[in-house]
Every structure is written in structure tokens, then in C-alpha cells.
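Visitor: Can you read through this structure? Questions will come right after.
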Ligand SMILES: *Cc1c(COP(=O)(O)O)cnc(C)c1O
């Protein structure tokens, strides 16, 4: 796409504003058309037989989905991006495209819960063996590699507990064993971590989160290197995956403001994380940009920033009181909503359940509360968290 070539050397915010769609290609309109399509007409019988034209059928892409894919390619530095109807679909496509019966896959133990459910159910049924690895394993992943290991699936930072993985070290080992490396890059976005520059082959986003940014769209993207993209595309086509034109348009629209939104998410979240560190009632703050965080040095080495999602560990020594204290905290909140997903303008809180972990176990000090810091005023959010902490204290 000419507009992405033109902007490939520019700064991130310029790229966010201009990549993906060339207005000259559609009468000068600055945004792409929202093309609703199943049928695409061909000019004659010979062309329909050869399928030798840019668009052939709605499931194989439209000017709307192409614009979003090209914009994500410009950010990720990838050779191709596929657009899927949810973040989870983007994850599952990756496993299905890379793995076959008899293969082995390594998956980080702090992976997004539904990703784990997919691995523990479908992959088993298709004869694929899964091993969960310690997020802090680094180059030691060597000892888990088997001759049939075809994929190492990472998510850095990990869901709910935010462990930073040594992606370059893991990629080096994986590639030495001819395995591919995928990452769920939803937390960082390509603005704060560019996986392909660190040896990753496939970068996945729940575009539902920061890309779309307004808690009103479900969408996923899979961006890959030139070598990894064809297998993903073939499986995508075979499975009949595609995404709605309206949601693709809305996601691209969200992407245009990703830079300014993330700046605000980053600043507010870090301000709140710092204020909560060491506060009575809070046993720990799990935020990679805090110097006290175990993965902080790796985060500093590899990432350009931190987004707005982190967790706090409530200080509740008595295990039998943990659930009640966590619920008291959540029920006292007036601005934070209680609900899943994140990356929108609105602040959210949930009690993270970590009972499925086998290696990266839940913190010993108390319940983990995950906070999505939205775009509201920090003082109001802090006051809300104080309400929660007081309620947990007296519960
Ligand atoms: C939310 C999320 C997903 C799934 O995205 P959906 O669009 O809700 O299916 C995948 N990975 C991570 C890390 C997520 O937080």
C-alpha cells in the first residue's frame, strides 16, 4: 500500500495518522469506505476462472479490512496481518496454522486464561502436546525443547501477574530448534514493544483492547514475518475466518488515536501504581515499570513504555478471608467498573483467579486485583481505590 510505504520512515504518531489507506485511491476521502460484501463481480468468464483480480469474495478481504491490516503492518513491521473477529480467534488461528498432530508446543504459564483453555481442550483432541513454562525461564527453555516442538507461545507481560519474558533469549533457542515464536502482544501494543524486532515470528493482538479503545468492538489481528505469514493465511482461508466491515472500520478509527490514549493510560497507571506501592493494605504492586518489579530490567531493555493495566496484591494473610476482602474492595468502587476486558476509556477492576497456574503460582500474600486504568482523572481514581482499600480493611 503506497501510503504505508510513504510513512514507513516516519514517527509512530505520524504512522498512526496516515498509514493503511491512501485517500487518493478513493476520491480523496480521508477514511476508507466501509465495504459490505459477500459477492464481488468479475468482468468476464476468463477472469472468474483465473480469479485474477484484487478482490474475489468478501471473506478474502475488502478495501476496509485491507486498510486496517496495512495500518497494523506499518506499526508491527510485519509482512502481512490477518483480521479476525476476536482476540481469542487470533490466538487460536496461530496454534492451528503452525501445529499438526504429533507436534509439541511450549506455552507460557501466565498465558491469558481462554488461550490455556483452548490448549487444554482442542489441542489435546488433535493430538498436540502442550507444556507450560516458567515465564522467567529465559534461555533455559532449551531444556524443554523436544525434537517435535514447533511453536513457543509467549505473552509478555503475562496475564494478571505481568511477568516479563526474555523474548530475544527464547527466540534464539526456539529458532536453533527450528520452532516458531509467537507472542500475544496485546498489553504493550506495537508502540511499546515491537516483537518482530526481537526475534518473534508472529505477533498477536486482541484489537478489542487498546486498538479499538472504546469497549465496543471485538477484533483480533495476527501479524507475521514474510516466512510465517503464508501458513497463517492458508489456515485463515481454510477456516473461513473474516471480520465485519463496520468493526474493521471502527478499529482503524480507534488506532488513529492510540498514541495519545496510551500516553495518558501510561502516565495515569504509573502514577497510581507508585502511590500504591508500600501503602498499608497493599502487599505488592505488579507493574513492570516499577523498579521493585522482578522483571523491571528486562522491561527497560526491551520495551518503549508501559500501558495502563497492572495488578495489586491485597495484604490478606488469612487465606480464609481473601475472597471476602477482595469482594469488599471491588464492591466499594464507584468509578471503576467490575468487568472483563480492558484497553477502553473506562477504568475496570477484577479479582484475578490464578488457580490454573502450574508454574507461575499466585502470590502468597493475598488476592490479586487487576486494575485497568482508564482516561478519567487520576485524583478521582485514587480516591476510588482508597474507598476500596478502606472497605477491604474493615471487611
Ligand atoms: C482479551 C484478551 C484476549 C482475547 O481478546 P477477545 O477479543 O476478548 O477475544 C487475548 N489475549 C489477551 C492478553 C487478552 O487480554
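Visitor: Residues 366, 388, 374: which one is buried (at least 19 other Cβ atoms within 10 Å of the Cβ), part of a loop (DSSP other than H, G, I, E, B), away from the ligand (no atom under 16 Å from the Cβ) and touching a residue at least 12 places away in the same chain (Cβ under 8 Å)?
Guide: 366
Visitor: It is to be established whether one or more residues within the range 202-214 are closer than 22 Å to residue 85 by Cα and surrounded by fewer than 20 Cβ atoms within 10 Å (Cβ to Cβ).
Guide: yes
Visitor: So which helices (runs of 4 or more DSSP H) are wholly in the range 111-219 and hold at least 3 residues that are more than 16 Å from the ligand (Cβ to nearest atom)?
Guide: 167-176
Visitor: Here's something else I'd like to know. Could you list, in sequence order, all residues of the range 63-81 that are buried (at least 24 other Cβ atoms within 10 Å of the Cβ) and either not assigned by TED's automatic domain parsing to the domain that holds residue 227 or not in a helix (DSSP H, G or I) (or both)?
Guide: 78, 81
Visitor: Turning to a different aspect of this structure: If you go through the range 46-74, how many residues are more than 16 Å from the ligand (Cβ to nearest atom) and closer than 21 Å to residue 153 by Cα?
Guide: So the count comes out to 1.
Visitor: Suppose we filter the range 307-337 for residues that are touching a strand residue (DSSP E or B) at 6+ places or on another chain (Cβ under 8 Å) and within 16 Å of the ligand (Cβ to nearest atom); how many remain?
Guide: So the count comes out to 5.
Visitor: Do we find that residue 91 is out of contact with any helix residue (DSSP H, G or I) (no Cβ under 7 Å at 6 or more places or on another chain) and in contact (Cβ under 8 Å) with a residue 24 or more places away in the chain in this structure?
Guide: Values: out of contact with any helix residue (DSSP H, G or I) (no Cβ under 7 Å at 6 or more places or on another chain): no; in contact (Cβ under 8 Å) with a residue 24 or more places away in the chain: yes.
Spelling it out, it is not the case that residue 91 is out of contact with any helix residue (DSSP H, G or I) (no Cβ under 7 Å at 6 or more places or on another chain) and in contact (Cβ under 8 Å) with a residue 24 or more places away in the chain.
Visitor: Checking residue 223 against (1) under 19 Å from residue 78 (Cα atoms); (2) more than 16 Å from the ligand (Cβ to nearest atom); (3) touching a residue at least 60 places away in the same chain (Cβ under 8 Å), only one condition comes out false. Which one?
Guide: Only one criterion in (1) under 19 Å from residue 78 (Cα atoms); (2) more than 16 Å from the ligand (Cβ to nearest atom); (3) touching a residue at least 60 places away in the same chain (Cβ under 8 Å) is unmet by residue 223, namely (2).
Visitor: Would you pick out the residues in the range 155-199 that are crowded, with 23+ Cβ neighbours inside 10 Å and on the phi > 0 side of the Ramachandran plot?
Guide: Result: 160, 162, 189.
Visitor: Mind listing just one residue for me: the one in the range 226-244 that is in a helix (DSSP H, G or I) and surrounded by fewer than 20 Cβ atoms within 10 Å (Cβ to Cβ) and, of those, nearest to the ligand (Cβ to nearest atom)?
Guide: Restricting to residues being in a helix (DSSP H, G or I) and surrounded by fewer than 20 Cβ atoms within 10 Å (Cβ to Cβ), the top hit is 239.
Visitor: Assuming residue 325 fulfils every condition listed in (1) more than 23 Å from residue 270 (Cβ to Cβ); (2) under 27 Å from the mean Cα position of the chain (by Cα) apart from one, which condition is it?
Guide: Checking residue 325 against (1) more than 23 Å from residue 270 (Cβ to Cβ); (2) under 27 Å from the mean Cα position of the chain (by Cα), the one that fails is (2).
The values are calculated or read from the model by the stated rules, or taken from the named source; none is laboratory data. Worth saying up front: this structure is predicted, and the values here are computed from it rather than measured. Neighbour counts run over all protein chains shown; Cβ positions are idealised from the backbone, glycine included.
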